[in-house]
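Presented below is the structure to which this report refers.
The values are calculated or read from the model by the stated rules, or taken from the named source; none is laboratory data. Quick caveat, the model's predicted, so the values are computed rather than measured. No Cβ is skipped: glycine too gets one built from the backbone with ideal geometry, and neighbour counts run over all protein chains shown.
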Amino acid sequence: MKSSILAALFASILAFGQTPSAKISSEARLASAEQDTVLVWMFFSDKDAALSKLADPTTLVSERSIERRKKSLDAPYVTEGDLPVSERYLARVSEEGAEIRRVTKWFNGCSARVPSARLDAIAALEFVREVRLVGRFRLNLPDEETPASPLAKSADVGSLDYGYALPQLALMNVPDAHAAGYTGSGVVIAAFDAGFNNLGHRCFDSLDVIAAYDFVNDDANVGDEADSGSGNHGTKVLSTIAAYDPGSLIGAAYDASFILAKTENTQSETYREEDNWLAAAEWADSIGTDIITTSLTYREMDAGYTSYTWEDMDGETTIITRAADEAAERGVVVLNSAGNNGADPDHNTLGAPADGDNVLAIGSTTADGTRSGFSSVGPSVDGRIKPDLMAQGSVVYAASTTDSSSYSASYGTSYACPLAAGAVALLLQARPELSRTEVASLLRSTASQHDAPDRYMGWGIIDVIAAIDGDTGAGDPTPTPIDFRLSQNYPNPFNPSTSIRYALPRAAFVELIVYNALGERTATLVSETKPRGEHVATFDASSLASGAYFARLVADGRSETIKMTLLR
């Protein structure tokens, strides 16, 4: 089931030659009628950039990013989505009164504060494809407590004294991985949060930060600032991965390197973090991060034309979710806390971007492996199992945010997610050849309930040692896709080529055929037997005219069709 927001988005994308008014989403139109200025996305029709730049990917992203992408993409390892947005287009919308906030190369556009009276003039520009309201969220921070009496410290394991951290790490067999020499060394983890204060805590003495940026205030200070709220949450989250204070707290991947992004303003009542998250994802990807971990989820808290609902948790609606999937397509392992909305028997309680197709949604358990009552449940609206995996989120010890030497316990999927991210770092250190999809496959196939995943705990609790030892060859443990699926092509509109992804629940003879608007066969992309799993085909329309095309997938007695738009 697709939301009205998604329907409006694709309607505007696929409508060619539409009037300026038709380019403006109903949500943006309503907001402009009630406010003097509105914060909107403006998506453009093309990049106005030389495609020849794709021949040298190092002009677009770092060598490290390219090396990571080689495990997931074909040469030249960059796509049209990596090309810069047209400076000419940005200057033109600025001339019309737009105050640009964020520029997105992946989605070819920008977010901007626009006078309501100028909305139609901007939509009338020939290169503006769509105007959509920036998503309005309220932060879903976890329920947190600090027990009056700390738990007794645990005994050491091997050569390390884990202190308070032993239970939360032992649940995933992390100490055994450490003992085998895997500590996260050489792996880069990007953490997105509401800031990171108290980095002078002694547990961060060996912290390796290779890049940091505040996307709220546009500066390099990711700590507390008067106009952006508190970084307490980010500090605690980071310490569960990065701490190294033997006898008190050791993080899951204490030797990893980190990219820190402040994407949220805890004092904000404008609900605008959607565009900050996307900007941070593009930035971290270009630097070459291996993992993105986010312990913030978004869900409607009150009614309003800008709220997303549970029905929008379909993997395709929110910009944050689509941005997370874009990062994953480029080979980044993206993890997000599932949310702290508990269980509802009638529908999912997920928060974006945990609903993403390629996002590992992490739920919370207690130290004994029982699901925490606050942990959000799935499935996604389109029937995919969520959460994907579990880690401890109840009574997780983390660094204090008030002094440099103490620790406290907290609750929430916020803490389960970074613990899981640390486990992923150990797996990538042990097996650096793994692609993002292979990482996900190994984690699922070796988790505690891999043989019976469900909407409450997904595939279960991570076992990092089993994942390190897991097989991706003849005994490929890739979980069977939930269903036969043909995904929307990307990019769309496109010029001159686009990628089409599909999933098979079992091996089958596949035909993937493209037709033009007259129903004439234009191209046969696939006509052969394919194994179960995820597949991708490329449609090259270099010799074809602009217009609508239809891709039809037939396999295993089923068929699906998508509409694509070629714009020259």
**Fill in**
Checked the stretch 526-554 for anything hydroxyl-bearing (S, T, Y) and either at pLDDT below 90 or surrounded by fewer than 17 Cβ atoms within 10 Å (Cβ to Cβ) (or both); matches are S527, T529, T538, S542, S543, S546
**Item:** Residues of the stretch 187-214 that turn out to be in contact with a helix residue (DSSP H, G or I) (Cβ under 6 Å, 6 or more places away or on another chain), surrounded by fewer than 24 Cβ atoms within 10 Å (Cβ to Cβ) and within 27 Å of P353 (Cα to Cα), as a count
**Value:** 2
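This table checks each residue for (1) of a type in the set (A, V, I, L, M); (2) over 20 Å from G288 (Cα atoms); (3) without any contact (Cβ under 8 Å) to a residue 12 or more places away in the chain.
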{"site": "V216", "(1), (2), (3)": "yes, yes, no"}
{"site": "A220", "(1), (2), (3)": "yes, no, yes"}
{"site": "G223", "(1), (2), (3)": "no, yes, no"}
{"site": "H233", "(1), (2), (3)": "no, yes, no"}
{"site": "A242", "(1), (2), (3)": "yes, no, no"}
{"site": "S248", "(1), (2), (3)": "no, yes, no"}
{"site": "A252", "(1), (2), (3)": "yes, yes, no"}
{"site": "F258", "(1), (2), (3)": "no, no, no"}
**Request:** Report the residue count in the stretch 463-486 for those that are surrounded by 15 or more Cβ atoms within 10 Å (Cβ to Cβ), at pLDDT 50 or above and within 28 Å of G557 (Cα to Cα).
**Result:** 4
**Every residue from the stretch 80-125 that is within 29 Å of the chain's Cα centre (by Cα) and without any contact (Cβ under 8 Å) to a residue 12 or more places away in the chain** = E87
**Request:** Confirm whether S239 is surrounded by fewer than 24 Cβ atoms within 10 Å (Cβ to Cβ), among the polar types (S, T, N, Q) and either in a loop (DSSP other than H, G, I, E, B) or outside the structural domain of R101 (by TED's automatic domain parsing) (or both).
**Result:** no
**Request:** Could you check how many residues of the stretch 168-206 are more than 26 Å from the chain's Cα centre (by Cα) and either outside the structural domain of A447 (by TED's automatic domain parsing) or assigned to a loop (DSSP other than H, G, I, E, B) (or both)?
**Result:** 7
**Prompt:** Do any strands (runs of 3 or more DSSP E) lying entirely in the stretch 456-568 carry at least 1 residues that are among the acidic types (D, E), and which ones are they?
**Reply:** 508-516, 521-530, 533-540, 558-566
**Enumeration of residues in the stretch 54-95 that are under 19 Å from R436 (Cβ atoms), crowded, with 20+ Cβ neighbours inside 10 Å and not aliphatic (A, V, I, L, M)** = P57, S65, R68, R69, Y77, T79, D82
**Asked** Would you say L350 is at pLDDT 95 or above, closer than 25 Å to T437 by Cβ and hydrophobic (A, V, I, L, M, F, W, C)?
**Response** no
**Request:** Could you list, in sequence order, all residues of the stretch 130-167 that are at pLDDT below 55, touching a Phe, Trp or Tyr at 6+ places or on another chain (Cβ under 7 Å) and not in a loop (DSSP other than H, G, I, E, B)?
**Result:** R138
**Complete:** Residue set R384, R455, R436; condition touching a strand residue (DSSP E or B) at 6+ places or on another chain (Cβ under 7 Å) and among the charged types (D, E, K, R); output residue R436
**Request:** Within the stretch 269-307, track down each residue that is modelled with pLDDT of 75 or more and among the charged types (D, E, K, R).
**Result:** E274, D275, E282, D285, D290
**Request:** Determine which member of the set S410, S394, S445, S404 is under 27 Å from T309 (Cα atoms) and polar (S, T, N, Q).
**Result:** S394
**Asked** Do you know which residues across the stretch 330-375 are more than 17 Å from the chain's Cα centre (by Cα) and among the hydroxyl-bearing types (S, T, Y)?
**Response** T349, S364, T365, T366, T370, S372, S375
**Asked** touching a helix residue (DSSP H, G or I) at 6+ places or on another chain (Cβ under 8 Å), at pLDDT below 90, in a helix (DSSP H, G or I) and not aromatic (F, W, Y) - does that describe any residue in the stretch 121-129?
**Response** no
